[in-house]
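Remarks on the structure that follows.
The values are calculated or read from the model by the stated rules, or taken from the named source; none is laboratory data. Predicted, not measured: the structure shown is a model, and the values here were computed from it. So basically every Cβ, Gly included, is an ideal-geometry build from the backbone, and we count neighbours across all protein chains shown. Calculation scope for accessible area: heavy atoms of the full protein, side chains included, ligands and nucleic acids excluded. Shrake-Rupley method; radii C 1.70, N 1.55, O 1.52, S 1.80 Å.
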Amino acid sequence: MSHSKPLPPQNLPIKPSMFGATLEDVMALQKESHPDNHLPWVLSLLAEKVVFFGGYSTEGIFRVPGDIDKVSALKTSLDNGEFLQEFPTTDAPVCASLLKEWLRELYDPVITNDLYQKCLENCEHAKFCESILKELPAINRLVVAFVIRFLQGFLEEETVRKTKMTADNLAMIFAPNLLRCPSTDLQVAMDNSKWEMTFVRTLINTLDTSYMEGVV
């Protein structure tokens, strides 16, 4: 009796990823699974897990990276929906690292390139910084406001004492995840990093994000 061997799969469709896509594509991908969400669910979930797993009391949270293999495994798990029964980690730094990676890998920066220079030129002026956000597309504006509100939660005096992460520290870490220097000149990028950080610090210290309460 002859047994025919199964043919190897060919031209199988590649499952779209929540990582490396545009914000519009991410929202389209989750339209059926999370129809009521106003934000990318992966962002909301990772932020929630950072806090749930002790991020408010983890020294160096966001600055000290999570284990690279665990971060990679979590990324795969989220993309494949394998976390629904049991979340694959209880490590706040792993969740924090993947949250930063998700922002950094977006196809387009959250703060769009057409507003980049304006952000730097007005980085110390709270009202200007707030007005610049109003020029962003709606989904970008929501994501920025969510991230800033999330970071503001780490500024309680007792939390800072435990994490050693001040507004300056948080701004330094998150500036390159929210802004992306359009220049390929390394010196320009280095020179701009100070002003990128100042812009994000101004948002963290002054932006009223109370309207984001309960938004997911």
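Laid out as a table, the results:
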quantity	calculated
Whole-Hz ³J(HN,Hα) from phi, Karplus 6.51 cos²θ - 1.76 cosθ + 1.60, for segment 211-216, glycine and proline x	5, 8, 4, x, 7, 10
Electrostatic dipole magnitude of the chain [Cβ: Lys, Arg +1; Asp, Glu -1; Cα centre; debye, to 20]	220 debye
Accessible surface of the chain, 1.4 Å probe, proportion on carbon and sulfur as whole %	53 percent
Only Lys, Arg (+1) and Asp, Glu (-1) charged, at Cβ; segment 121-192 dipole about Cα centre in debye	300 debye
Global geometry of segment 162-216, whether rounded, prolate or oblate, following the gyration tensor of its Cα atoms and the 1.5 cut on a/c	prolate
Per residue accessible area of segment 161-210, 1.4 Å probe, in Å²	51 Å²
Most positive-pole-ward Cα, Pro88, Val200, Leu178, against dipole of the chain from beta carbon charges	Pro88
Theoretical ellipticity at 222 nm over the chain - DSSP helices of four or more residues, -39500 (n - 2.57) apiece, nearest 500	-16500 deg cm²/dmol
Accessible-area value, Thr159, 1.4 Å probe, nucleic acids and ligands omitted, Å²	20 Å²
Mean Cβ count within 10 Å, highest first, over the residues of peptides 165-172, 200-207, 31-38	200-207, 165-172, 31-38
Cα shape, segment 86-216, gyration tensor, a/c 1.5 rule	rounded
Two-site label geometry, Ser17 and Glu157: point separation in nm, points 7 Å out along Cα→Cβ	4.5 nm
Qualifying GluC sites (Glu not before Pro) in segment 128-180, DSSP loop, other Cβ atoms within 10 Å at most 16	Glu135, Glu156
Top positive-direction residue, dipole computed over the chain with Cβ charges, set Leu133, Val71, Gly55	Val71
Dipole moment magnitude, nearest 20 debye, segment 67-107 about Cα centre, only Lys, Arg, Asp, Glu C-beta charged	160 debye
Against the rule of thumb 2.2 N^0.38 Å, how large the Cα Rg of segment 9-95 comes out	1.20
Sparse-neighbour loop sites [GluC sites (Glu not before Pro); segment 46-98; at most 12 other C-beta within 10 Å; DSSP]	Glu59, Glu86
Whole-number accessible area per residue in Å² for segment 38-147, which is evaluated in the context of all protein chains at 1.4 Å	48 Å²
Too-long pairs where the Cα-Cα distance tops 29 Å, listed order kept, from Lys127/Lys162; Lys15/Lys49; Lys31/Lys100; Lys118/Lys164; Lys31/Lys194; Lys49/Lys162	Lys127/Lys162; Lys118/Lys164; Lys31/Lys194
